[in-house]
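The values are calculated or read from the model by the stated rules, or taken from the named source; none is laboratory data. Keep in mind that this is a model prediction, so the values were computed, not measured. Don't worry about glycine lacking a Cβ; one is built from the backbone with ideal geometry, like all the others, and counts go over all protein chains shown. When the accessible area is computed, the model is the full protein with side chains, heavy atoms only, and any ligands, DNA or RNA have been set aside. Shrake-Rupley method; radii C 1.70, N 1.55, O 1.52, S 1.80 Å.
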Amino acid sequence: MTNLRGGDLSRLRQLNSLSALRELRGAGPLTLSALAERTGLSRPSTKDVVDELIELGWVVEVPPTAGSMGRPARRYRFRADSGYLVGIDIGAHNVRAALADLDGEVLAETRQPVLPEAPLADRLAAIERAVDGCLALSGKRMTDLWTVAVGTNGVVTPEGRVVFSAAIPAWRGLDLAAELRRMFPCEVLIENDSRLAVLAESKRGAARGAGDVVFLHIGRRMGSALIIDGKLHRGYGAAAGEIAMLPEARWYDAPEHLHACPAVPADVPPEDAAGHTLAAARDGDPVALDCVGRFVDDLAVGTAAMVLLLDPEVVVLGGGFSRSADVLLPPLRERLERVCMRMPEVRASTLGEECVVFGAIEYAVAHHDRHLFSDDVDPGAQRSPGSAGQGSPTWTRGTG
């Protein structure tokens, strides 16, 4: 028999604890016997692991179901309320925020309007108000937050600096991560909004389970994002998917076909013009249908280029205009079928305008899966949640 040293035993306990946590996170409440079967541990070892995780605050016993006969077996679950995450979508016209637990279950959502030309201070204040609103609705405090994950318009470096943003002039060159770390006493993650949108669609939306996805983020501004082999694709310089920057793709000015349509009455506000055009096309207005056709012509150019290059399983039509997918999808499919060697499934987003904020939550959850529940961490270590700019929140005793 191998003679295990003290360090080996400690490492074995750590791996056993992580194995139990992963099973409890994925399967929900489990009995000791069920957990032992899933982890391959003996029942006594499973009991020791669960007792330690309860003491550390990561696992809790589930009360028996009311009215159950006899003495029910004890069941245990992962404490997703050990910490909280916030996802933020910073758009040109709105700031959306959502607060979720460590499993990604959304507990509160808010929205703050903001003008595209608003000064930097005003947009940052809108972000703070949106998060404060989520905290107030959920009864949580700023100190309960472990991570704030943000999706923003523009080209964003891995360090969180906005290199370019056509929609938000005040954003250009901004070290957004540094600004938000001064605002929130927790870890801050920054990513491009379209990438977070495709992440949300692949986890809980129209592209769930698909390994290769092209996401079309269409609205007042155009963008795209990619899932390749099941992974979010950023590219070498985090600029993948910026096909709107190529004039020949005809994406940059494509929304003008809808905004400037002659079918839109003069008294319709500019921000509502595209929606009016799409609604009129749905009703059969020939002028609106012509404008929609020209918009789809331009949309199809860049989309076909990505389809021919990547051969995706699914193309998802998302963003603000996806509310009119019934008007846009048939002509888009028809144009793609003309040129694509293999036609992918083309689907409408099921998350609509919430795709970015849901994607930010998924991004934060995945971050914690990597940094808290990998085999390289010690669930027995008593450490406190990380402060702003100091890396991931870490293992801590729960407060009950």
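Give the percent of DSSP beta bridges with both residues in the chain that are antiparallel, rounded to the nearest 5. Could you put the intermediate results ahead of the total?
Working: 32 of 54 bridges.
Within the chain, antiparallel bridges account for around 60 percent of the total.
Computed over the chain, the alpha-carbon pair-distance distribution with 10 angstrom bins reads 5, 21, 27, 22, 14, 8, 3, 0, 0, each value a whole percent. Helix 43-56 versus the longest principal axis of the chain: what is the Cα-based angle in degrees, 0 to 90, to the nearest 10? Helix 43-56 and the main axis of the chain meet at about 70 degrees.
Only protein atoms count toward the accessible area here, which uses a 1.4 Å probe; on the range 204-270, the carbon and sulfur part of that area reaches 55 percent. Cysteines in the chain lacking any other cysteine Cβ under 4.7 Å from their own Cβ: CYS134, CYS186, CYS340, CYS355.
Over the chain, accessible surface divided per residue gives 46 Å², non-protein components excluded, 1.4 Å probe. All other residues whose Cβ lies under 11 angstrom from that of ALA249 are scored, Lys and Arg at +1 and Asp and Glu at -1, for a net of -3.
With respect to the chain, whose longest principal axis is taken over its alpha-carbon atoms, helix 273-282 is tilted by about 80°.
Can you give the net charge of the other residues whose Cβ lies under 15 Å from the Cβ of PRO169, counting K and R as +1 and D and E as -1? Net charge around PRO169: +2. Annotation: the antiparallel percentage among DSSP beta bridges lying fully within the range 131-213 is about 35. For LYS203, the lysines whose Cα falls under 27 Å of its own Cα, not counting residues fewer than eight places away in the same chain, are LYS140, LYS231. Semi-axes of the equivalent ellipsoid for the range 68-215, computed as √(5λ) from the eigenvalues of its C-alpha gyration tensor and ordered from largest down, come to 31, 20, 13 Å.
With all protein chains present, how much of the accessible area of the range 48-161 (probe radius 1.4 Å) comes from carbon and sulfur, to the nearest whole percent? Display every interim value, and only then the final one.
Values: 2630 of 5180 Å².
That fraction is 51 percent.
Expressed as a rounded percentage, what relative contact order does the chain have, with Cα pairs under 8 Å and six or more residues apart? Please report the intermediate quantities before stating the final value.
Working: 780 pairs, mean separation 67.7, N = 400.
In percent, rounded to a whole number, it is 17.
Show me the ranking of peptides 249-259, 333-343, 187-197, 120-130 by mean Cβ neighbours inside 10 Å, starting with the highest.
Working: 249-259: 19.5, 333-343: 13.1, 187-197: 26.0, 120-130: 17.2.
Descending mean neighbour count gives 187-197, 249-259, 120-130, 333-343.
Apolar share of the accessible surface for the range 273-372: 55 percent from carbon plus sulfur atoms, 1.4 Å probe.
Using only Cα atoms, find the angle between the long axis of helix 286-310 and the longest principal axis of the chain, and express it within 0 to 90 degrees, rounded to the nearest 10. Relative to the chain, helix 286-310 is tipped by roughly 50 degrees. Summing Lys and Arg as +1 and Asp and Glu as -1 over all other residues whose Cβ lies under 13 Å from the Cβ of VAL315 gives a net charge of -2.
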